[in-house]
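The next block holds one structure in the form of structure tokens; read it before the comments.
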Amino acid sequence: MTRESALSFGEARAGCLPLNPRVLNCCVVCILLLVCYGTVSAQTPSANEHFRQATEAMRRGRLQEAAEGFEAVITSSSAFAEAHFNLGLVREEQGKNADAFASLQRALQLKPRLRGANLFLGIAEYSLNHLDRAIAAFRKEATLSPTDANAWMWLGVAQLAKEQPEDAAASLDRAAKLDPDNVDILYHRGRAHLLVSKNSYEQMFKTDPKSWRVHQVLAQANAEADRHDDAIAEYRAAIDLAPRQPGLHEELGTEYWKAGKLEPAETELQHELELDPNNVLARYKLGTLEAERGEGAKSKEHIEAALRQNPSIKNSAYYLGRAEMELGNNAAAAEAFNREVTAADSDPDTVQQAWYQLGIVYRRLHRTEDAQRAFAMFQKLKDESAQRLHERLQKKQETQVPDAATPK
């Protein structure tokens, strides 16, 4: 694997426009319409009624009718800030960004703290590729409405377009805290952090291309791509340069294990503990590996020692149960497996295997009915897992574009 390939995964161009602003407007425009309608400036009954009708037309997507209605309101009440604002929204939806910009600017002149006005002014500026002015508008909106996730998201989007990934990552992190399930925010946040990571790695390669850190990051990239032999080679190169660096032997041991090479995996994990006796993860991994190898006593010792340092290690009850089984402590094993299948944070695959092992233990304890229930639960979870896999594969096949037909 080359350095270039390690840096290219998921790379996106920072300067491209990531969203059509008119698409995102639809996500927030109805909320803003309601806000504007509920907080309009004091106007004549006639102006308020025309504003209401125009707002309703906008809500229903009758944009030209809405634009004419807001223009009529402005003609009779030129200081009606909300009418200028909603006319700006209509013009943005129509793709008339210059007109939208003028209307939104006027709304802010009349009412500088009008909610959402700076946000949509920024979107208009962004659409015109005025990135500095867009960033200033989005930042002002975020200052006025610090709990508005859209303001922080658009600030981050503009900063990405301006090739400011560090600033963008901070803004999008803030947006994600406010709206953690927003897919658009998560997408742009991921892009920002990917670019920050890419820039950091490029600087690292440039500063010291022979550093052990270079081999470490290449190893990690290979590991994430399941190229375990390549990862092993890079970790070994890193260790040759920094043999006593904490963490490297643990990572190398993990890759050996994933490659099915259990003896060198155990050696590397033991070496890690010699360098750093407080490495809980290395101790726990060594215990789980020993459980897989049938070394019950050593496995139990290492897992229990790791749990004394960190009682919240995930899936630890399963491997402790495996160790107890190897030692013939079937009652203790059953207790451990039961803890695993009832834990809230257990991995589904681990829970599935815990039910299978629980069935074996119950059978050894001559608890026939309990064993049958455990095996039945294992089979149920296995079938559900297979069904989910089948549905994912089927969905993937349905979304694939068929090859073009070849003329005969």
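Comparison of 215, 188 shows that the only residue that is under 30 Å from residue 261 (Cα atoms) and not acidic (Asp, Glu) is 215. Any idea which residue in the stretch 310-368 is nearest to the chain's Cα centre (by Cα), counting only those that are of a type in the set (Ser, Thr, Tyr) and open to solvent by 30 Å² or more (accessible area, probe 1.4 Å)? Once the filter is applied, the top-ranked residue is 312. Every residue in the stretch 270-309 that is free of Cβ contacts under 8 Å to residues at least 24 places away in the same chain and more than 32 Å from the chain's Cα centre (by Cα), please. Of everything in the stretch 270-309, those that are free of Cβ contacts under 8 Å to residues at least 24 places away in the same chain and more than 32 Å from the chain's Cα centre (by Cα) turn out to be 270, 271, 273, 274, 277, 298, 301, 302, 304, 305. Against the conditions (1) open to solvent by 20 Å² or more (accessible area, probe 1.4 Å); (2) of a type in the set (D, E, K, R); (3) touching a residue at least 12 places away in the same chain (Cβ under 8 Å), residue 266 satisfies every one except (1).
Within the stretch 316-338, can one find any residue that is assigned to a helix (DSSP H, G or I) and in contact (Cβ under 8 Å) with a residue 40 or more places away in the chain? Yes, the stretch 316-338 contains a residue that is assigned to a helix (DSSP H, G or I) and in contact (Cβ under 8 Å) with a residue 40 or more places away in the chain. Does residue 384 qualify as being open to solvent by 100 Å² or more (accessible area, probe 1.4 Å) and either under 26 Å from the mean Cα position of the chain (by Cα) or acidic (Asp, Glu) (or both)? For residue 384, the condition - open to solvent by 100 Å² or more (accessible area, probe 1.4 Å) and either under 26 Å from the mean Cα position of the chain (by Cα) or acidic (Asp, Glu) (or both) - is not met.
Just one of the numbered conditions (1) out of contact with any Leu (no Cβ under 7 Å at 6 or more places or on another chain); (2) surrounded by 23 or more Cβ atoms within 10 Å (Cβ to Cβ); (3) closer than 23 Å to residue 356 by Cβ is not true of residue 303: (1). Residue 305 falls short of the stated requirement of being within 25 Å of residue 375 (Cβ to Cβ) and touching a Lys or Arg at 6+ places or on another chain (Cβ under 9 Å). Within the stretch 284-338, being among the aromatic types (Phe, Trp, Tyr) and out of contact with any Gly (no Cβ under 6 Å at 6 or more places or on another chain) holds for 284, 318, 319. For the stretch 80-101, the set of residues classified as open to solvent by 60 Å² or more (accessible area, probe 1.4 Å) and among the small types (Gly, Ala, Ser) consists of 98 only.
Within the group 28, 23, which residue is part of a helix (DSSP H, G or I), modelled with pLDDT under 85, over 30 Å from residue 225 (Cβ atoms) and open to solvent by less than 30 Å² (accessible area, probe 1.4 Å)? Answer to the check: 28. Restricting to the stretch 274-284, give me the number of residues that are of a type outside the set (Asp, Glu) and open to solvent by 40 Å² or more (accessible area, probe 1.4 Å). Here the count works out to 4. Does residue 108 satisfy the condition of being under 20 Å from residue 145 (Cβ atoms), modelled with pLDDT of 85 or more and either touching a Gly at 6+ places or on another chain (Cβ under 9 Å) or open to solvent by less than 30 Å² (accessible area, probe 1.4 Å) (or both)? Yes: the conditions hold for residue 108. With respect to the conditions (1) in contact with a Phe, Trp or Tyr (Cβ under 9 Å, 6 or more places away or on another chain); (2) open to solvent by 10 Å² or more (accessible area, probe 1.4 Å); (3) of a type in the set (D, E, K, R), residue 60 falls short on a single one, namely (1). Among residues of the stretch 178-207 that are free of Cβ contacts under 8 Å to residues at least 60 places away in the same chain and farther than 18 Å from residue 162 by Cβ, those with a beta-carbon under 9 Å from a residue that is among the charged types (D, E, K, R) and part of a helix (DSSP H, G or I) at least six positions away or on a different chain give the pairs 204/213. Close contacts from the stretch 359-381, counting a first residue that is basic (Lys, Arg) and a second that is assigned to a helix (DSSP H, G or I) and modelled with pLDDT of 95 or more, with Cβ to Cβ under 7 Å and a gap of 6+ residues or different chains, come to 363/371; 364/330. Could you please let me know if residue 290 is open to solvent by 80 Å² or more (accessible area, probe 1.4 Å) and farther than 29 Å from residue 389 by Cα? So residue 290 does not fit the description; no.
The values are calculated or read from the model by the stated rules, or taken from the named source; none is laboratory data. Everything numeric in this text was worked out from a predicted model, so none of it was measured. Ideal geometry is used to build each Cβ from the backbone, glycine not excepted, and the neighbour counts take in all protein chains shown. Areas reflect the complete protein model, heavy atoms only, side chains present, ligands, DNA and RNA absent. Shrake-Rupley method; radii C 1.70, N 1.55, O 1.52, S 1.80 Å.
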